[in-house]
Amino acid sequence: MKNDRGYTLAEILTVSVILTFVIGSVMGAFVTTKSVCYASIRILGLQREANIIVERIIRGLGDPANAFGLRSATSFSIPASDPVGSEIDFIGTDGNTRKYFLSANSVIYESPTESPVQKSIYTAQANSSLTLRFWQPAGYADNETAGIYISISQNAQNRTLSGSLSTYVNIRNLPK
């Protein structure tokens, strides 16, 4: 006996609706996962950039023999004229005063003995915002320990992503 019966229109529509729902759910999950993955990767990148900035401030720039970072300072001060603490002045082992400060979304190193006198150690991307803070932690006397906070925020895919790092550095001539 031969069965020539085909599918009814109702059966085809039911299968189409179910298939559309399944494909839509899978695509929605894919798009959401891709967005979360992108944000996570970018946050890790911003965190890495914050870590690089702090390392440059602590260890200095260039040739290790001439690198004057905070670890090679003999003392430091945060200027009273800087109410938010975005600048730190320090005296290197050679007796010269140097400084790190934030200017126009760049972290600047200034040294009277080097050319050029001011060097950018990091410049944030165009759609990024940079925050830099220095302070003397409570309980640490004689300007021997400096606190450093750096934060980088970036707008991406209609979200604000950020990475930050906060640390203390002892400035009493520790090896680099």
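Here are the numbers for the structure shown:
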quantity: From 23, 12, residue being aliphatic (A, V, I, L, M) and either surrounded by 11 or more Cβ atoms within 10 Å (Cβ to Cβ) or in contact with a strand residue (DSSP E or B) (Cβ under 8 Å, 6 or more places away or on another chain) (or both); calculated: 12
quantity: Strands (runs of 3 or more DSSP E) lying entirely in segment 45-145 (those with 3 or more residues that are more than 18 Å from residue 168 (Cα to Cα) and free of Cβ contacts under 8 Å to residues at least 24 places away in the same chain); calculated: 118-123
quantity: Residue list for segment 139-170, filter: β-branched (Val, Ile, Thr) and touching a Pro at 6+ places or on another chain (Cβ under 9 Å); calculated: 145
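Condition check ((1) in contact with a strand residue (DSSP E or B) (Cβ under 8 Å, 6 or more places away or on another chain); (2) within 30 Å of residue 155 (Cα to Cα); (3) basic (Lys, Arg); (4) surrounded by 14 or more Cβ atoms within 10 Å (Cβ to Cβ)) across all residues:
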position: 46; (1), (2), (3), (4): yes, yes, no, yes
position: 49; (1), (2), (3), (4): yes, yes, no, yes
position: 54; (1), (2), (3), (4): yes, yes, no, yes
position: 69; (1), (2), (3), (4): no, no, no, yes
position: 83; (1), (2), (3), (4): no, yes, no, no
position: 89; (1), (2), (3), (4): yes, no, no, yes
position: 101; (1), (2), (3), (4): yes, yes, no, yes
position: 111; (1), (2), (3), (4): yes, no, no, yes
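Read the figures in this text as sums done on the coordinates, not as results from a lab. Bear in mind the structure is a predicted one, so any value in this text is a computation, not a measurement. FYI the Cβ positions are ideal-geometry reconstructions off the backbone, even for glycines, and counts take in every protein chain you see.
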